[in-house]
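J.: Starting off with a structure, shown below.
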Amino acid sequence: MDASELQAIGDTLIRLVTPGTTPKDLVKAVRKEHPGARKKDIARAAFHVIVANADQDSGKSRNLQAFALAERTQQSE
């Protein structure tokens, strides 16, 4: 996955994440727009967005952090 794809998935995550969104629902929603994205790619994009935007929107960053950590600790597909 190249940097532009990672950024595109990150932009999608930032737009879609809300409090209460389950990791499963978030992955499903992201895959609608990025059908080739693996869970691992989506989790990486989430960590990227957290680092890049933590100071701009702490609420979304917390939600993405919870998602990314949940996906990171699960076994690969």
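Where a number appears in this text, it was derived from the coordinates with a stated rule and is not lab data. From a predicted model like this one, the values you see are computed outputs, not experimental measurements. Every residue, glycine among them, receives a Cβ derived from its backbone with ideal geometry; neighbour counts consider all protein chains shown.
J.: Counting pairs of alpha carbon atoms under 8 Å apart in space and at least six apart in sequence, what relative contact order in percent does the chain give?
T.: Relative contact order here is 37 percent.
J.: How large is the charge dipole for the chain, taken about the Cα centre, if only the Cβ atoms of Lys, Arg (+1) and Asp, Glu (-1) carry charge, to the nearest 20 debye?
T.: It comes to approximately 280 debye.
J.: Mind pulling the per residue volume of the convex hull built on the Cα atoms of the chain? Å³ is fine.
T.: Cα convex hull per residue, to the nearest whole number: 78 Å³.
J.: Moving on. Quick check on packing: order 64-74, 41-51 by the mean number of other C-beta atoms within 10 Å, highest mean leading.
T.: Highest-to-lowest ranking by the protection proxy: 41-51, 64-74.
J.: Choose one of T22, I42, Q7: the residue whose Cα lies farthest towards the positive end of the charge dipole of the chain (beta-carbon charges +1 Lys, Arg; -1 Asp, Glu; about the Cα centre).
T.: So the residue we want is T22.
J.: How do 31-39, 11-19 rank on mean C-beta neighbours within 10 Å, highest first?
T.: Result, highest mean first: 11-19, 31-39.
J.: For a Förster distance of 22 Å, can you work out the FRET efficiency between the beta-carbons of T18 and N53, rounded to the nearest 0.05?
T.: 0.90
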